[in-house]
Amino acid sequence: MTGLVFDLLLCALLLAAGLAAVVARGLFAGVVFFIAYGVFVALGWLRLDAIDVALAEAAIGAGLTGVLLLGAIGQLSRAGAEAPAPRPNIPLALACGGLSLLLGAAFLALPDAPGLQAEVAAALPISGAENPVTAVLLNFRAIDTLLESIVLTAVLVGVWALARDDAWGCRPGLPQRVRPDGVLAGFGRLLPPLGLMVGVYLVWAGTKQPGGAFQGGTVLAAVWLLAAMAGAVTAPRVTDLLLRAALVAGPILFLAVGIAGALGGSFLGLAPAVAGPLILAIEVALTLSIASTLALLVLGPPEARA
Amino acid sequence: MSGFVTFFGLAGAGLIGLGLYGFLAHAHLLRRLLSFNVMGSGVFLMFGAAAARSPALGADAVPQALIITGIVVKLAGTALAVALLVQLARSLGRAALPEDEEGPRA
């Protein structure tokens, strides 16, 4: 009963925070509500027993997306683009409310359907991972994850393509100015060691427990971004070969394993005897690539230094 | 279907409408992007709740993996959109498309 009340309250908070994020008068307030909203959604995933998704939502949905949007506000105001308070559009609101009602009715009318729990559980012993979500991500549906890691690289190419000609070869993102005795400088030194430990742990634990390359990689990206914002590290130049190698290490290793599988019979097929070590190797390489790609995506295209 | 899963499914449906409203009603592109993210997580929530309707079997890993993939791709798309709209604002001095400048469309 207390569980039901908690869930009802959580759903109400989630909807209220989402509403506040969408219709907030100020853009900054909207983004702050959006970050709070992301944390509520992560709590919702916990209640739905989807701990891996909760970790991803907290790290990516609330964390990195929030940083990205806050950074965008700063860049827009520097570009002189003002954000007027939005005007309500009542007919549109009614139409969208109607759509929500229809979707809700459709959800209630869904027939009971068995999931794939039994199939996943049956194949789990030969998958090389004990966490079923990791088994799906890196073995049963490895093609999705491979393509996803390639999409990330392609998006980074797209972001870098927006650099001005004179900025190519420079460091990504605008230079950070930090007060040496400020809060950011302090936290930028205090939190990275802790975050580093959490990130590496999430990757290491990911084959057995909730966690994995995406969650761990995101935490590592956030740690690096925090250190960069605090001025403790500087971003490498976009032409740096080591950086380029880190960006593609994951997809290349993944693809190589896939092709090796193809020679043995099936593309991306992992032989049960070596599946465990292979999954760990792919996870480590993917973590490196995901962490560096996500951090650079949030920083944006290279900028010429004045 | 257990009660609490229904709440999250319905909340997801509400968020989809909410996000769609913001996406269509705002002229400011960053507000649109934020609303689009709200709509996206509403879709994920509804999908995840639909997959969690038979708790006797435990959580289904396949939809979870799909949603994690979706969350990462959503961030990548958001990052590309932010980069595009910052460039637009730098060249035009405003963060809205020219056809959306004169108030709401007729």
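Bear in mind these aren't lab numbers, they're just calculated from the coordinates by the rules spelled out. Remember, it's a predicted structure, so these values are computed and weren't measured experimentally. Reconstructed Cβ throughout: ideal geometry from the backbone, glycine too, with neighbour counts over all protein chains shown.
Sequence-distant contacts, meaning Cα pairs under 8 Å at least 6 residues apart, place the relative contact order of chain A at 21 percent. Dividing the helix sum by the residues of chain B, where each DSSP H run of 4 or more adds -39500 (n - 2.57), gives a mean residue ellipticity at 222 nm of -26000 deg cm²/dmol. When the Gaussian network model of chain A links Cα atoms closer than 10 Å, the mean-square fluctuations of A:CYS170, A:CYS96, A:CYS11 top out at A:CYS96. In sequence order, the range B:15-23 has phi-based couplings of 5, 5, x, 4, x, 5, 4, x, 5 Hz under the Karplus curve 6.51 cos²θ - 1.76 cosθ + 1.60, θ = phi - 60°, and Gly or Pro positions carry x. One Cα centroid belongs to the range A:218-283, the other to the range A:181-196; the line between them spans 26 Å. Let me know the Kirkwood hydrodynamic radius for the range A:1-155, please, with Cα pairs as the basis and the value in Å to one decimal. The Cα-based Kirkwood calculation yields 19.1 Å.
Computed on the Cα trace of the protein assembly as shown, the radius of gyration divided by the Kirkwood hydrodynamic radius gives Rg/Rh = 0.97. What the phi angles of the range A:215-220 give under the Karplus curve with 6.51, -1.76 and 1.60, with θ = phi - 60°, is a coupling list of 5, x, x, 5, 4, 5 Hz, glycine and proline written as x.
Dipole of chain B computed with +1 at Lys/Arg Cβ and -1 at Asp/Glu Cβ about the Cα centre; of B:PHE8, B:HIS28, B:ALA76, farthest Cα towards the positive end is B:ALA76.
The relative contact order of the range A:128-306, computed from alpha carbon pairs under 8 Å that lie at least 6 residues apart in sequence, is 38 percent.
In chain B, the alpha-carbon atoms span a convex hull of 88 Å³ per residue. I want to verify a result. In a Gaussian network model of chain A, Cα cutoff 10 Å, which of these has the top mean-square fluctuation: A:LEU137, A:LEU70, A:LEU162? Greatest mean-square fluctuation among the candidates belongs to A:LEU162. GNM, chain A, Cα, under 10 Å: largest mean-square fluctuation among A:LEU255, A:LEU108, A:LEU288? Among A:LEU255, A:LEU108, A:LEU288, the largest mean-square fluctuation in the Gaussian network model of chain A belongs to A:LEU108. Taking a Cβ cut-off of under 14 Å around A:GLY30, the surrounding Lys, Arg, Asp and Glu residues balance to a net charge of +3, with basic ones at +1 and acidic ones at -1.
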